[in-house]
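For reference, the structure discussed in these notes is given below.
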Amino acid sequence: MITHETAWRSAYRHPGPWDRVFPPLSMVDMVDQAAQQHGKAPLIDFMGRRYSYAETLDGANRVAKGLHALGYGPGDRIGLFLPNVPHYLAAYYGILKLGATVVNFSPLYTAAELEHQVADSGTRMLFTISASALLPTALKVLEESALERLVVGSIAGALPPVKSALYRLFSGNDVAAKPHDPRITAFSALIANDGKLPPASIDPENDVALIQYTGGTTGSPKGAMLTHQNLSANARQVNAIDPQPGMEDRILGVLPLFHVFANTCVLNRTIVSGGCIVMLPRFNAEQALAAITRTRATALPGVPTMYQALLDHPKITRTDFSCLRVCISGGAPLPGELRTKFAQITGAQLVEGYGLSETSGVVSANPYLGEGKTGTIGQPLPATRIRLVDKENPAHPVRAGEPGEILVAGPQIMKGYWNRPDADADVFIFDDADTKWLRTGDVGQIDDDGFVKIVDRLKDMIAVGGFKVFPSQIEAVLYKHPAVKEALVIGIPDSYRGEHPRAYVTLNDGVEATGAELTAWLNPQLGKVEQVDSVVVRETMPKTMIGKLSRKDLVAEVLG
């Protein structure tokens, strides 16, 4: 009989064996080994300025020694409040070399959000840059929280000389003045040392390398504790599914590094492969297209809205994408129509994957070459197990072919939530073999070839008169309409049925359609309980920090 696990084991389409072993490896040893092997090769291309592996490692060593001189050490939590800039890599690996723990913070956080997570994590010090969008927020948190110190870098100093001069001349409004305060240290002063520091003693499987805040599989934001082994294993797992190892590897780094998807797929995996990160401070479609042309990038990880923005840009048809070996979509479901259109216009392979903050970034992906399956998240990475269970009784697997809550086990599964044993009890299940399974809160199905399809999030399910309606199934139909660019469906309170579905869409440029027309087109294609009360046409849709559609924000906006 085909079971959830025998399906992909017997029809595994990723290169190499599924049952590969990833021995314990600290993040420090991982980056040191990469620097030894690829010392003079470029690791970062930042707007045309290149930093080699050796230079980046030297910067990390100097950060570690500078932090030690300021009184920080193993176990301390040190935050990164940074966009995609070279400072991020030096600070990230420097903190790890100290034996301390990195805490990632989004550059889009308000002062209140940043202050809350600084307090929750016990972050003692924060790295940021002198950008007007960041430094004032960091200064406010320094004044109003237990945060002890800021380290402030300059983006101009990371640019090529000509671009640096132009930035200083014409971007004055983008730079905030750094006050004279003994609690504020310039990044340049922090690294003004020889970088020589005795190595910290690190236990890869138990020492926490990163606290990554997440909405969690349920409830309010929680800090997922990711160990050195969680992160290094996931980087090696992602690298293991590359069917062409050893080829030129230039990855376009436009996903924000503070996000777990980029942290694994852009940063750590590239370190493992010996590749180069073509780094942009943030996603801009025109800059991304120009970077592909300038550097002949070979890989582009992104979210669906990013690929849609590239398609919407007038220069898309004048850009040569033949250099791209793979484009990886994650963070949100990839509409089949978007995948097909992107491949038709660019000729680039666009594959879908899946992961969570709690899984260090990646659980599964479609194969980069060969036959994948549109509408699925592919097969699990090597050493990763997926099981579908009854959400009401998660100890009981569902029958083959039936939908169930997705459980995941593997070396990338987090240690637990920071200071939240109550939340750990909700998401971890241990089987008879004492395997730790993570409840994802996602509903999925597994076909006979071991390809996994996400049906929906448990928490997004709409209860209509006792029936379960999954918004993604309605959204999938909406995306088939030629006028629909983006779609979200939410549940609206209903005194009789409990809830009823309502759809919200934006339209493709140059196309007109009314909500009534779209409703009349949509509902005949749906079951009775799935039918929407209306389709609302909007100019824009709320999005998350990495640019994916935000159902949560839409619900808050509509229902208050």
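The values are calculated or read from the model by the stated rules, or taken from the named source; none is laboratory data. What you see is a predicted model, and the numbers here were worked out from it, not measured in a lab. No Cβ is skipped: glycine too gets one built from the backbone with ideal geometry, and neighbour counts run over all protein chains shown. Protein only, heavy atoms only, side chains kept; ligands, DNA and RNA dropped before computing areas. Shrake-Rupley method; radii C 1.70, N 1.55, O 1.52, S 1.80 Å.
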Can you spot a residue in region 28-48 that is open to solvent by less than 10 Å² (accessible area, probe 1.4 Å) and free of Cβ contacts under 8 Å to residues at least 60 places away in the same chain? no
Taking first residues from region 83-95 that are within 19 Å of Leu108 (Cα to Cα) and second residues anywhere that are open to solvent by 10 Å² or more (accessible area, probe 1.4 Å) and aromatic (Phe, Trp, Tyr), the pairs with Cβ under 7 Å that are 6 or more apart or on different chains are Pro86/Tyr51; His87/Phe187
Could you grab the pairs with beta carbons closer than 6 Å, sequence gap of 6+ or different chains, first residue in region 9-24 and under 23 Å from Asn230 (Cβ atoms), second one of a type in the set (Lys, Arg)? Trp18/Arg9; Phe22/Arg236
Show the residue pairs meeting these rules: Cβ distance below 8 Å; 6+ apart or different chains; first residue within region 229-242 and surrounded by fewer than 24 Cβ atoms within 10 Å (Cβ to Cβ); second residue of a type in the set (Gly, Ala, Ser) and part of a helix (DSSP H, G or I). Asn239/Ser273; Asp242/Ser273
Among the residues of region 253-272, is any over 16 Å from the mean Cα position of the chain (by Cα), at pLDDT below 95 and in a loop (DSSP other than H, G, I, E, B)? no
Checking Ala425 against (1) of a type in the set (A, V, I, L, M); (2) surrounded by 15 or more Cβ atoms within 10 Å (Cβ to Cβ); (3) within 29 Å of Val555 (Cβ to Cβ): exactly one of these is not met. Which one? (2)
Cβ pairs under 7 Å, 6+ apart, first in region 425-452 and touching a residue at least 12 places away in the same chain (Cβ under 8 Å) and on the phi < 0 side of the Ramachandran plot, second of a type in the set (Asp, Glu) and loosely packed, with under 14 Cβ neighbours inside 10 Å: Trp437/Asp431
Flagged in region 374-422 as open to solvent by 40 Å² or more (accessible area, probe 1.4 Å), touching a strand residue (DSSP E or B) at 6+ places or on another chain (Cβ under 7 Å) and modelled with pLDDT of 90 or more, in numbering order, are Arg385, Arg387, Lys415, Trp418, Arg420
Which of the residues belonging to region 180-212 are touching a Lys or Arg at 6+ places or on another chain (Cβ under 8 Å), part of a strand (DSSP E or B), within 16 Å of Phe127 (Cα to Cα) and not small (Gly, Ala, Ser)? Ile184, Thr185, Ile211
Residue that is nearest to Asp456 (Cα to Cα) [pool: residues in region 370-407 that are without any contact (Cβ under 8 Å) to a residue 40 or more places away in the chain and not hydrophobic (A, V, I, L, M, F, W, C)]: Asp390
In region 372-424, residues that are part of a helix (DSSP H, G or I) and within 23 Å of the chain's Cα centre (by Cα) total 2
Could you please let me know if Ile454 is under 25 Å from the mean Cα position of the chain (by Cα), closer than 30 Å to Gly498 by Cβ, aliphatic (A, V, I, L, M) and open to solvent by 10 Å² or more (accessible area, probe 1.4 Å)? yes
Being within 16 Å of Val464 (Cβ to Cβ) and at pLDDT 90 or above is the filter here; which residues of region 501-530 pass it? Pro501, Arg502, Ala503, Leu522, Asn523
Selection status of Lys65, closer than 21 Å to Ala209 by Cβ, charged (D, E, K, R), open to solvent by 30 Å² or more (accessible area, probe 1.4 Å) and at pLDDT 95 or above: yes
Residues of region 109-125 being in contact with a strand residue (DSSP E or B) (Cβ under 8 Å, 6 or more places away or on another chain) and open to solvent by less than 50 Å² (accessible area, probe 1.4 Å), in sequence order, are Gln117, Val118, Ser121, Gly122, Thr123, Met125
Among the residues in region 70-77, are any at pLDDT 95 or above, of a type in the set (A, V, I, L, M, F, W, C) and open to solvent by less than 30 Å² (accessible area, probe 1.4 Å)? no
